[in-house]
1. Restricting attention to segment 14-35, report how many residues are more than 13 Å from the ligand (Cβ to nearest atom), in contact (Cβ under 8 Å) with a residue 60 or more places away in the chain and in contact with a strand residue (DSSP E or B) (Cβ under 7 Å, 6 or more places away or on another chain).
2. Of the numbered conditions (1) open to solvent by less than 70 Å² (accessible area, probe 1.4 Å); (2) under 15 Å from Val28 (Cβ atoms), Glu57 satisfies every one except a single condition; which is it?
3. Only residues that are crowded, with 16+ Cβ neighbours inside 10 Å, β-branched (Val, Ile, Thr) and more than 16 Å from the ligand (Cβ to nearest atom): list them for segment 101-118, please.
4. Select from segment 82-100 the residues that are open to solvent by 20 Å² or more (accessible area, probe 1.4 Å) and touching a helix residue (DSSP H, G or I) at 6+ places or on another chain (Cβ under 7 Å) and list them in ascending order.
5. Residues in segment 37-81 that are of a type in the set (Lys, Arg) and within 11 Å of the ligand (Cβ to nearest atom): how many?
6. Hand me the list of helices (runs of 4 or more DSSP H) wholly inside segment 140-256 holding 3 or more residues that are within 15 Å of the chain's Cα centre (by Cα) and surrounded by fewer than 21 Cβ atoms within 10 Å (Cβ to Cβ).
7. Quick one: which residue in Asp43, Asp110, Asp105, Asp50 is under 13 Å from the mean Cα position of the chain (by Cα) and of a type in the set (D, E, K, R)?
8. Across segment 64-84, what is the total count of residues that are under 26 Å from Ala147 (Cβ atoms), in contact (Cβ under 8 Å) with a residue 24 or more places away in the chain and touching a strand residue (DSSP E or B) at 6+ places or on another chain (Cβ under 8 Å)?
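The values are calculated or read from the model by the stated rules, or taken from the named source; none is laboratory data. What you are looking at is a predicted structure, and each value in this text was computed from that prediction instead of being measured. With ideal geometry, Cβ positions are generated from the backbone for all residues, glycine too; neighbour counts draw on all protein chains shown. Surface accessibility is based on the protein's heavy atoms, side chains included, excluding ligands, DNA and RNA. Shrake-Rupley method; radii C 1.70, N 1.55, O 1.52, S 1.80 Å.
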Amino acid sequence: MSAWSVGAGLEGRGVMVTGAAGGIGRAVAAAFASTGARVLAVDVRQEAVDEVVAGLEGGGHVAAAVDLADLSGHAALVQRARDELGGLHVLANLAAVLRRAADIDAVTEDDWDFQLGVNLKAAFFLCRAAGRAMIAQGEGGRIITFASQGWWTGGFGGSVVYAASKGGIVSMTRGLARTYGPHRITVNAVSPGQVETPMLMTGLAPEIYERMREQTPLGYVAAPEELAGTVVFLASQHATYITGATINVSGGFLMY
Ligand SMILES: NC(=O)c1ccc[n+]([C@@H]2O[C@H](COP(=O)([O-])OP(=O)(O)OC[C@H]3O[C@@H](n4cnc5c(N)ncnc54)[C@H](O)[C@@H]3O)[C@@H](O)[C@H]2O)c1
């Protein structure tokens, strides 16, 4: 075990962060880079990931513009991590989409397919591709998925479909933890409450934002950076015996 610091064991390691141009993803990519890890930043727009990578501490980081809803690109993406970062030790999968519908009768099949397609289907296949690579490397690994308070509450502000995808993430994370445990690959979910990012504000009624804030014992909406420490910790040498967990980072909005 190396020294006690939140990113212990990550120096020189290959880390893939998806949704890296998003609010929380940027903070997670920056936190990993500050540990000395090499980051493959993945998001849909090339300029956005280039900008994220340009701002990262240290060197050897890579930007990849990929639509993860297209499963046919996953194997090549994992291969890029192995080739260009020198291996894939961590996958932090944050990429997700939210389409709110105030009236449940307005939810379309396309709304369902779009959200489940990115949030759950792509998450499963990318985790599996990463798991396969980690097994081949033979050094264990870390997979960190992203749920949401919605996995537990069913969601607020017209987000039933999104919440269903996040419920799936929790079950999937547990199943993958069972599957990959024998290979010393841990799989855990991070579950935020409200976080100040573009996704949260997508069509959210101000009164729902306020009500949730009031019901949060800490009394404020998290900054993206407040999620990053948990992700880095789960990837570090200090979290070797944690797997299948859903870590609630909601300022006390939920308590479990
Ligand atoms: N912000 C919150 O309050 C909140 C609360 C609970 C959970 N979360 C979860 O945290 C994670 C990060 O959310 P955020 O708030 O930073 O959201 P965000 O919208 O700021 O970032 C999400 C990123 O994922 C990317 N993305 C979407 N579809 C993609 C695809 N098909 N391929 C590649 N990239 C894609 C987007 O371009 C975006 O940059 C998500 O999993 C989200 O569900 C956020």
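1. The total comes to 3.
2. Here Glu57 clears every test but (1).
3. Selection gives Val107 alone.
4. Arg82, Leu94, Ala95, Ala96, Val97, Leu98, Arg99
5. Narrowing segment 37-81 to residues of a type in the set (Lys, Arg): 38, 45, 80.
If we keep only those that are within 11 Å of the ligand (Cβ to nearest atom) too, we end up with 45.
Summing the residues that are of a type in the set (Lys, Arg) and within 11 Å of the ligand (Cβ to nearest atom) in segment 37-81 gives 1.
6. Numbers: elements: 150-153, 160-180, 198-201, 206-214, 225-235.
Because the criterion is at least 3 residues that are within 15 Å of the chain's Cα centre (by Cα) and surrounded by fewer than 21 Cβ atoms within 10 Å (Cβ to Cβ), the helices (runs of 4 or more DSSP H) in segment 140-256 that meet it are 160-180, 225-235.
7. Numbers: Asp110 fails: under 13 Å from the mean Cα position of the chain (by Cα); Asp105 fails: under 13 Å from the mean Cα position of the chain (by Cα); Asp50 fails: under 13 Å from the mean Cα position of the chain (by Cα).
Every option except Asp43 fails the conditions.
8. Here the count works out to 6.
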